[in-house]
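A.B. asks: Here you go, one structure.
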Amino acid sequence: MRAIAPVCGLALIIPLVGMSRADDRSDNGDLARGMITPATQEAIDQGLAYLARNQHADGSFGTNQHQGNIAITSLSGLAFMAGGHQPGRGRYGRAVTGALRSVLSLEDKSRPGYLHNPRSSLHGPMYGHGFATLFLAEAYGMVQNARLRDELRGTLERAVKLIVKSQNHEGGWRYRPEPHDADLSVTICQIMALRAARNAGFSVPKSVADRCVEYVKDCQDLHGSGGFRYQKQGHGHVGFARTAAGVVALYSAGVYEGKPVQKGLEFLMKFKPGAAEPRRGGLGLERSEYHIHYYYGHYYAAQAMWTAGGDHWRQWFPAIRDELVRGNGHRQGDGSWYDHRICPHYSTAMALIILQIPNNYLPILQR
């Protein structure tokens, strides 16, 4: 049964993904049909089993210096939910509930709504806050336990308010919950979390999404490659991962059509997995970024193509699916995917979310 978060009788400010794209409504079922092959499902089953075996006693995930990292815990919870496992329900229902309780326990009591683990934080705690808020919002409509649901509602309300108050004058967000600076990689985490929360019935001012759109557009090389930079005003080079994030940020803020989206998709298609090397040749630093931020980039790129639908999805997903299932040296015998920069819990969760997009179980991805 597909889990759908309720909207609590409130009119949505930010539209659901794809709902404004009438041309794709007729082929929604076709987009998913046959995409999860038997070999893919086997890889998914092994990956989920790996995460379940390696979940820490407090419900968290992450290894070594990343143990207990709130972003990795949240992504792991989402990976289970992408397979249809809900809090307290399904084969891995206990694992999802454990991850939820772990995230809820990490709210900063001195700063209500701030979700982070100061003992295990990736570069910039607002990354973790964004992924944590997204996870809580996605799980909100699936929680059956009344006490846990009440706790979840209160935490989500505070977490959303913190994001709204942290948006800077340009329309973006940065590493800390302060409205001073902004970059695209943190901004996508916050606007996606807000979209998920709004879909679940929590109040998000439309002005927040509108200002975010302007910031994201300012990060794009619209009159050149179509790729997105790390920050506006020409700071940094355009690249694969940040372009994937930029397109999904626009989708999350309700922008589905227009030149920025189209140019962003065209740029991403140059990096289609399995493409001949010359297609990426000449892109310089963007090529190295493709490998450095492989899982992060494909996490957003697959979502961008799913929302775009049509040939974008039909060309992209089988390519990344087969690359992940084959592993290319990254898939391990224990069912995990390896990432030397962060940890196997992170890369495994990212790979599993990508591979399970056709299930259409996560509310944020439902078309």
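Nothing in this text is a laboratory measurement; each read-out follows from the coordinates by a stated rule. All values derive from a computational prediction rather than experimental measurement. Using ideal geometry, Cβ is built from the backbone for each residue, glycine included, and neighbour counts are taken over all protein chains shown.
A.B. asks: Would you mind computing, in nm to one decimal, how far apart the modelled labels at Q233 and D30 are, each placed 7 Å from Cα along Cα→Cβ?
C.D. replies: Output for this residue pair reads 4.7 nm.
A.B. asks: With a 10 Å Cβ neighbour count serving as the proxy for reagent exposure, in which order, fewest first, do W316, W173 appear?
C.D. replies: Lowest count first: W316, W173.
A.B. asks: Further question: Considering the convex hull of the alpha carbon atoms of the chain, report its projected area averaged over all viewing directions, in nm², one decimal.
C.D. replies: So the Cα hull casts an average projection of 16.7 nm².
A.B. asks: Another question, if that's okay. How much net charge surrounds P112 when only the other residues with a Cβ under 12 Å from the Cβ of P112 are counted, with Lys and Arg +1 and Asp and Glu -1?
C.D. replies: Once all neighbours under 12 Å are counted, the net charge is +2.
A.B. asks: If packing is taken as the average number of other Cβ atoms within 10 Å across a peptide's residues, how do 89-100, 244-255, 222-233 rank, most packed first?
C.D. replies: In decreasing order of mean packing, 89-100, 244-255, 222-233 become 244-255, 89-100, 222-233.
A.B. asks: Please give the contour-minus-distance gain from A57 to H123: 0.36 nm per residue of separation, less the Cα-Cα distance, rounded to one decimal in nm.
C.D. replies: Between A57 and H123, full extension yields 21.3 nm more.
A.B. asks: Another one. Given a Förster radius of 41 Å and the C-beta distance between N64 and Q262 as r, what FRET efficiency does 1/(1 + (r/R0)^6) yield to the nearest 0.05?
C.D. replies: Efficiency, from the Cβ-Cβ distance: 0.50.
A.B. asks: I'd like the FRET efficiency for D322 and R149, computed as 1/(1 + (r/R0)^6) with the beta carbon distance as r and R0 of 30 Å, rounded to 0.05.
C.D. replies: Approximately 0.15, to the nearest 0.05.
A.B. asks: Only helical DSSP H runs with n ≥ 4 go in: add -39500 (n - 2.57) per run for the chain, normalise by residue count and round the 222 nm mean residue ellipticity to 500 deg cm²/dmol.
C.D. replies: Result for the chain, helices only: -16500 deg cm²/dmol.
A.B. asks: Beyond 29 Å between alpha-carbons counts as too far, so tell me which of K232/K270; K161/K272; K206/K272 fall in that bin.
C.D. replies: Checking Cα-Cα distances, K161/K272; K206/K272 exceed 29 Å.
A.B. asks: For region 176-221 and region 301-344, what is the centre-to-centre distance using only Cα atoms, to the nearest Å?
C.D. replies: Taking the Cα centre of region 301-344 as reference, the centre of region 176-221 is 26 Å away.
A.B. asks: List the residues, sorted by chain then number, that are 5 or more residues from G239 or on another chain and whose placed amide H is less than 5 Å from its amide H.
C.D. replies: Amide H neighbours of G239, under 5 Å, 5+ apart: F228.
A.B. asks: Now for a different question. Suppose a student asked you for the relative contact order of the chain, using Cα pairs under 8 Å spaced at least 6 residues apart; what percent would you report?
C.D. replies: Relative CO of the chain lands at 24 percent.
A.B. asks: Another question, if that's okay. Within 10 Å, count the other beta carbons around each residue, average over each peptide in 174-181, 194-201, 132-139, and list them highest first.
C.D. replies: 132-139, 194-201, 174-181
A.B. asks: Still on this structure, please answer the following. Using a Förster distance of 30 angstrom, determine the FRET efficiency expected from the C-beta separation of Q315 and K206, and round it to 0.05.
C.D. replies: After rounding, the FRET efficiency stands at 0.30.
A.B. asks: What is the sum of charges, Lys and Arg at +1 and Asp and Glu at -1, for the other residues whose Cβ falls under 13 Å from the Cβ of V143?
C.D. replies: Taking every other residue near V143 into account, the sum is +2.
A.B. asks: Using the eigenvalues of the Cα gyration tensor, what equivalent ellipsoid semi-axes result for region 185-279 when each is taken as the square root of five times the eigenvalue, whole Å, largest first?
C.D. replies: 25, 14, 11
A.B. asks: Now, a different point. Grab the other residues whose beta carbon is less than 14 angstrom from that of R331, score K and R as +1, D and E as -1, and report the net.
C.D. replies: Spelling it out: positives minus negatives among the neighbours equals -4.
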